[in-house]
Amino acid sequence: MPHAHEPADLVEVSLPGGRLAAAQLQLLADLAHEHAGGNLVLTTDGLGLRGNRAELTAQLTGHGFDLPGQHRRRLLASPLSGRRGGHVDVREILAEMHRRLPAPAPDRDLVVGIDDGSGDIAALAPEVGAAALPDRRWALLLDGTDTGVRLAPGDVVETLIAAAQRPHRAGVAATLAALGLEPSAPPVPRPPAPARPVGWFDQPDGAVTLGGGLPGAVLPARMAEFLAAVDRPLVVTPWSVVLLCDLDEWAAEQVVRVLAPMGLIFDADSPELN
């Protein structure tokens, strides 16, 4: 921990699409207890710890976590994709983008968004992105807006990778020309931001996803340990909400019973989330 006169740095861990395993969360909770005052911080695309930067960096990299460099890429994806809503399951596209997307040029921070059609990620206006459409095609997004370009499913990853390597602030028209693409449909206006995913969500397979809101985007390490102990997939969202996925109903009820009194909010209308 830093001395009293030293500011606490925020050291972020990048989690593509916010996805993490229970074992990863347990490791982060342990590090938060030991080096970050017992708290984790939710960030746009992952989690962070506040403390001594050199110490935290050494601990996190030693445990295999991916830390952004001076300039970073952020991979955002619809957090409930494949479990509720949307037109397609974007998890395989997200995994392929994470494997293949190169680091951004030194003069930029890059945000790439993959929207399953629910409008949640498109509403965040990513610099480069794609949004699934009802007809199985995809809309190419640049600088937060629909370009009118429509992509076949097999072209999404290649196009996003190529668009992400354009010069910073190249402009939509110049980027499309460089990619050899032309609009083929009227652009769809940016959707309004949907409600944050807080509450109980029934999955088509009969399982349950729970969305818990965290005031101030702070996740106490003790709460993180309880979430990790459930041993189910987790998603950290850009809206200070943690999703605990693929639960049976009995387990979901126990999670609410234990974690709601600890401060995890499952009521989307709670004034504590405003």
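The values are calculated or read from the model by the stated rules, or taken from the named source; none is laboratory data. Note that the structure is a prediction, hence the values are computed from the model and not measured. Here the Cβ is made from the backbone with ideal geometry for all residues, glycine too, and neighbour counts use every protein chain on show. Accessible surface is based on the protein model in full, side chains and every heavy atom, while ligands, DNA and RNA are left aside. Shrake-Rupley method; radii C 1.70, N 1.55, O 1.52, S 1.80 Å.
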For the stretch 135-151, 3J(HN,Hα) per residue [Karplus equation, 6.51 cos²θ - 1.76 cosθ + 1.60, θ = phi - 60°, Hz, x = Gly/Pro]: 8, 6, 7, 10, 8, 7, 10, 9, 6, x, 10, 6, 7, x, 6, 10, 10
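State the dimensionless ratio Rg/Rh of the stretch 81-179 (Rg: radius of gyration of Cα atoms; Rh: Kirkwood radius).
0.94
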Under Karplus coefficients 6.51, -1.76 and 1.60, residue-wise ³J(HN,Hα) of the stretch 108-115 in Hz, glycine/proline x: 8, 9, 10, 10, 10, x, 10, 9
Per-peptide average of other Cβ atoms within 10 Å, ordering 108-115, 182-189 highest first: 108-115, 182-189
Taking just the alpha carbons, could you work out the radius of gyration and Dmax for the stretch 56-101, both in angstroms? 14.1, 41
Taking amide H positions as placed 1.01 Å from N in the peptide plane, with prolines and chain starts having none, which residues 5 or more places from residue 246, or on another chain, fall under 5 Å of its amide H? 208, 209
What are the ³J(HN,Hα) couplings of the stretch 84-94, residue after residue, when phi is run through the Karplus curve with 6.51, -1.76, 1.60 and θ = phi - 60°? Round to Hz, x for glycine and proline. 6, x, x, 9, 9, 8, 8, 5, 5, 4, 4
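Residues of the chain: accessible area per residue at 1.4 Å, in Å²?
Solvent-accessible surface per residue comes out at 46 Å².
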Simple SL model, points at 7 angstrom along Cα→Cβ for residue 155 and residue 274; separation in nm is 4.6
Calculated P(r) tail over 20 Å for the stretch 199-273, as whole % of Cα pairs: 21
Three-way shape label, the stretch 127-211, alpha-carbon gyration tensor, a/c 1.5: prolate
For the chain, what is the mean residue ellipticity at 222 nm derived from helices alone (per DSSP H run of n ≥ 4: -39500 (n - 2.57); sum divided by total residues; nearest 500 deg cm²/dmol)? -8000 deg cm²/dmol
Compare the peptides 55-64, 218-227 by average per-residue count of other Cβ atoms within 10 angstrom and give them in order, highest first. 218-227, 55-64
Mind running the shape call on the chain? Use the C-alpha gyration tensor, a ≥ b ≥ c as the square roots of the eigenvalues: rounded below 1.5 for a/c, prolate if a/b tops b/c, oblate otherwise. oblate
Please list the non-local residues whose amide H lies under 5 Å from the amide H of residue 148, H modeled 1.01 Å from N, same-chain partners needing a gap of 5 or more. 140, 188
What percent do you get for the relative contact order of the stretch 86-222 when only Cα pairs under 8 Å and 6+ apart count? 19
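What full-extension length gain, to one decimal in nm, is calculated for residue 258 and residue 246 as 0.36 nm per residue of separation minus the Cα-Cα distance?
Working: separation 12, 0.36 × 12 = 4.32 nm, distance 1.77 nm.
Gain on extension, residue 258 to residue 246, equals 2.5 nm.
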Given Cα pairs under 8 Å that are at least 6 residues apart, what percent is the relative contact order of the chain? 20
How big is the stretch 9-63 on each of its three principal axes, counting only the C-alpha atoms and giving the largest first in Å? 26, 20, 19
Looking at the chain only, what percent of DSSP beta bridges run antiparallel? Nearest 5 please. 80
So what is the relative contact order of the stretch 14-160, in percent, for Cα pairs below 8 Å that sit 6 or more residues apart? 17
